[in-house]
Amino acid sequence: MRIFLEQMINGLTIGSFYALIALGYSMVYGVMKLINFAHGDLFALGSYLGFSLLVWGSAYVTSHVGLAGGMIAAMLIAAIGIGMAGIIVERIAYRPIYPAGRLPAVVSALGVSIFLQNAIMVAWGPRYQAYPVNVVPTVRFEIGGIHITLLQIIILILSFILLALLYYIIQKTTFGAAIRASALDRDTAALMGININTVIFFIFALGPALGGTAGVMVGMYYRQISFTMGWNYGLKAFTATILGGIGNIPGAMVGGLLLGIFEMLGSAYISTAYKDVFVFLILILVLIFRPRGLLGEKVAEKV
Amino acid sequence: MTVLLKVEDLHIFYDSIEALKGISLEVNEGEIVTVLGANGAGKSTLLRAISGLLPIHSGTIQLRGEGLNNVQAYEIVIKGISHAPEGRKVFSTLTVEENLNLGAYIRRKDIKAVSEAKERVFSLFPILKSRRSQLSGTLSGGEQQMLTMGRGLMSTPRILLLDEPSLGLAPLLVKQIFQIIREINDQGISILLVEQNARKALSIADRGYVLETGNITISGLASDLKSNQKVQEAYLGGAALKKRK
C-alpha cells in the first residue's frame, strides 16, 4: 500500500508534466486541426532556458531574490520566452502554409521540430546538462509512512494552479467559449465577431508557455536535461492528448495525469525497463478501441 | 425611406465558377425583404458575401452608405449586420447560454447590455430560457433554429440576415418562426430573409427578389410577387393553384 501511494504521488508529478505539455497539443489541434510536432521541442527549449537562467543567474539570484524567487523567475521567463517562440513558429512556419492544406503544415511542424532540436544542440552542446542542485532544498516529508519531497509538493501545487487557471479560462469565460467556438466552426465564429487571429495568437502563446514552464519543472525534478528530451516528452504528452480526447481541454489534463500514473505503477509493479512500453501500449489500445479518447466528442461524420 | 443595405452589381466566384453574376438589391430601414430561389440559386452565397465570409470579385456592398468590401467578417457584425446561418449552425458542444453570450461577443465587457439582450431573446424564445444550461447540440431542430436566430439578435443588429429559417421544420413551427420574424421586425430591426418557402416568406415580407442561377430575375413588392404568374408557377405551386380555382 505504501509503495502504491508513493508511486501514485510520483505518477501524479510526472503526469502533471504531461498534462501541461498535452494542453499545448490539444489547444492547437482543436483550433487549427494541426498536430504541432514542434511543441515537444519548445518544451525542451523552455527547459534549457530555465537551466541557463538558474546557472548564469545563480549568483544574482541567491543574493537578491533567494532560490525560491529564482525558481519562480526562471519559470516565468521561460513561460514568456517560449510563448513568444510559439508565436514566432506559427508566423514563420505555419501561417504561410495554411492555404496549402493540413498535411504540408504537419510536415512543416516536423521540420521546426528538427530545427529546434539541432538549435538547442548547437547552443548548449550535445552533452547532458545538469540543473543546479539546490534550487529547491531537498527536504523530505513523511506523512503516514509515505515519503514526499518538497519539490514534488511545489510541482503538484503549481501545476494544479496552472491547470485550474487554464480550465477556468477555456471553460468559464466568454473568450474561452470563443476559442471553443472557433474550434468547432470558424466561419460561424467569425459571424459572432470573433477575430480568429486573436484566438490563434492566444493558443500559440499559451500552449508553449505552459510547455516551457513544464520544461523548467522537469529540469528541477530530474536535474538532467538533454537536447533530445523534447521528442520523448512530446510523444508521451501527445499520447496523453489522444488518451483524453484530442482538442478537449479537460481531456488533456485527465489524460496527462492518468498516463503519468500508469507509467509509474507499471514501472513499480512490472518493470522499469518497460515503462515507455506501457505508455505507448496505451496509445495503441486507445487508438484501436476508443479513438476519440476518454472525454472526446464523437467525431461527427462530414456530409 | 432611407436605404440601409445596398448591394450593387455583386459578382462572387467559387474558384472559377461564378455563383453571383451581378446582383443588385436594397433593404430599406425597417423593411423585411425576402430573396426567393431554388437550391443552388446563390441565396446563401449572397448572405455569406454580405457578412464578409466570401471574397468579393467585383461590385459593392454598403451599409448606410459605408462600403463593406474590405471589411473582415468579424468586423461586419460590429457595423450592425448579424447573420443567422442556415443549417442550424449552433456551437453544438457549448451550452445554449454560451451560444447566446457569443452572439454578444462584440460587447462582452458590457455585462449589463449582454444580460438585457439575453432577456429580450428569452422573451421571444421562452424555450431557450428553460434550456439555457443544456448543450445546444442536444436541442431539437426547431430549438436550434430559435437559438441561431436568438444568437443573431444578441449583438442588437440594425439588420438581421436569415438563411432558410424554416428549413426542415414542422409546419406548426414554421408558422411560429415566421411570427417571431415579424415580432423582431416590429422591434425596428430590418430583415433580409432568404427562403425556399416562398408563400410564407412573401406573406411577411414588404418586398422580394427572385434569384435564379446567380441572377435576379424578378423583383418588386411582396404583394405584386404573389400575383406574378412566373413566381406563382415556379415557387408557389401555381399549376395546382389554378386547378383549385
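The values are calculated or read from the model by the stated rules, or taken from the named source; none is laboratory data. Computed from a prediction, not measured in an experiment: that's the story for all the values here. Glycine gets a Cβ as well: all are built from the backbone with ideal geometry, and neighbour counts include every protein chain shown. All accessible areas refer to the heavy atoms of the entire protein, side chains included, with ligands and DNA or RNA removed. Shrake-Rupley method; radii C 1.70, N 1.55, O 1.52, S 1.80 Å.
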Along the charge dipole of region A:125-193, Cβ charges K/R +1 and D/E -1, which of A:LEU165, A:TYR128, A:ALA189 sits furthest on the positive end? A:TYR128
Suppose R0 equals 56 Å. What FRET efficiency, 1/(1 + (r/R0)^6) with r the Cβ-Cβ distance, do B:THR217 and A:SER271 give to the nearest 0.05? 0.15
How large is log10 I(q)/I(0) at q = 0.25, 0.27, 0.28, 0.33 Å⁻¹ when the Debye formula is applied to the Cα atoms of region B:41-83, each weighted equally and without solvent? -0.87, -1.01, -1.07, -1.37
Using a 10 Å cut-off around each Cβ of peptide B:92-104, what is the average number of partner chain Cβ atoms that fall inside? 4
Straight-distance crosslink candidates among aspartates and glutamates, where the alpha carbon sits under 18 Å from B:LYS112 and sequence neighbours closer than 8 are dropped: B:GLU97, B:GLU98
List the pair-distance distribution P(r) of region B:89-154, using every Cα-Cα distance, as the percent of pairs falling in each 5 Å bin from 0 up to the bin containing the longest distance, rounded to whole percents. 4, 22, 34, 25, 12, 3, 0
Inverting the mean 1/r over all pairs of different Cα atoms, compute the Kirkwood radius of region A:208-303 and quote it in Å. 14.3
Using just the helices of chain A, give the 222 nm mean residue ellipticity in deg cm²/dmol: DSSP H runs with n ≥ 4 each add -39,500 (n - 2.57), and the total is spread over all residues, rounded to 500. -25000 deg cm²/dmol
Carbon plus sulfur fraction of accessible area for region B:66-171, probe 1.4 Å, in percent: 49
Over 29 Å (Cα to Cα) - which of A:LYS33/B:LYS118; A:LYS236/B:LYS89; A:LYS33/B:LYS6; B:LYS129/B:LYS200; A:LYS33/B:LYS200 fall in this group: A:LYS33/B:LYS118; A:LYS236/B:LYS89; A:LYS33/B:LYS6; A:LYS33/B:LYS200
So if I average 1/r over every pair of distinct C-alpha atoms in the protein assembly as shown and take the inverse, what Kirkwood radius in Å does that give? 26.2
Sorted on mean Cβ neighbours within 10 Å (highest first), peptides A:149-155, A:203-209 come out as A:203-209, A:149-155
Modelling each spin label as a point 7 Å along the Cα-to-Cβ direction, I'd like the A:LEU235/A:ASN134 distance in nm, to one decimal. 3.8
Order of B:161-173, B:223-235, A:257-269 by packing, highest average Cβ count within 10 Å first? A:257-269, B:161-173, B:223-235
Before we go on, tell me the buried accessible area for the B/A pair, both chains summed, 1.4 Å probe, in Å² to the nearest 100. 1800
Size-normalised alpha-carbon gyration radius of region A:2-289, reference 2.2 N^0.38 Å: 0.99
Just the number, please: Stokes-Einstein D of region B:106-245 in µm²/s, Kirkwood Rh from C-alpha pairs, 4 °C, 1.567 mPa s. 77
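Based on the Cβ-Cβ distance of B:ARG182 and B:ARG107, what FRET efficiency does E = 1/(1 + (r/R0)^6) give at R0 = 45 Å, to the nearest 0.05?
Taking R0 as 45 Å, the efficiency between B:ARG182 and B:ARG107 is 0.95.
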Fraction of beta bridges assigned by DSSP in chain B that are antiparallel (%, nearest 5): 55
One computes Rg over Rh for region A:1-103 from alpha-carbon atoms, with the Kirkwood Rh, and obtains 1.10
Candidates B:SER24, B:SER130, B:SER92, ranked by Gaussian network fluctuation over chain B, Cα under 10 Å, top entry: B:SER130
Helix by helix through chain A, keep the DSSP H runs that span 18 Å or more along the axis on Cα and average at least 1.0 on Kyte-Doolittle, and give those back in order. A:2-32, A:39-56, A:66-89, A:102-124, A:150-172, A:196-222, A:249-269, A:275-289
Run the paramagnetic zone check for A:ASP187: 7 angstrom along Cα to Cβ, then residues of region B:58-75 with backbone nitrogen under 16 Å. B:73-74
Output the antiparallel fraction of DSSP beta bridges having both residues in the protein assembly as shown, as a percent to the nearest 5. 60
Compute the convex hull volume of the Cα atoms of region B:1-94, divide it by the residue count, and report the result per residue in Å³ as a whole number. 125
From the helices alone, meaning DSSP H stretches of at least four residues, give me the mean residue ellipticity at 222 nm for chain B, per-run term -39500 (n - 2.57), in deg cm²/dmol to the nearest 500. -11000 deg cm²/dmol
Kirkwood hydrodynamic radius of chain B, Cα pairs, Å: 18.4
Pseudo-spin-label distance A:ILE92 to A:VAL107, built 7 Å along Cα→Cβ, given in nm, is 2.0
How do the peptides A:23-36, A:221-234 rank, highest first, by the average count of neighbouring beta carbon atoms within 10 Å per residue? A:23-36, A:221-234
If we count every other residue with Cβ under 9 angstrom of B:ASN28's Cβ, Lys/Arg +1 and Asp/Glu -1, where does the sum land? -3
What's the average, rounded to a whole number, of partner chain beta-carbon atoms within 10 Å of each residue's beta-carbon in B:107-114? 1
With the dipole of region B:89-154 worked out from charges on the C-beta (+1 for Lys and Arg, -1 for Asp and Glu) around the Cα centre, which of B:THR138, B:LEU153, B:TYR105 lies farthest toward the positive end? B:TYR105
Are there any chymotrypsin sites (Phe, Trp or Tyr not before Pro) in region A:76-134 that are in a DSSP loop and have at most 13 other Cβ atoms within 10 Å? List them by number. A:TYR128
Region A:45-106 pair-distance distribution - Cα-Cα, 5 Å bins, rounded %: 4, 18, 20, 14, 11, 9, 8, 7, 5, 3, 1
Over region B:54-108, volume per residue of the alpha carbon convex hull, in Å³: 104
Counting other chain Cβ atoms within 10 Å of each Cβ in B:69-81 and taking the mean gives 3
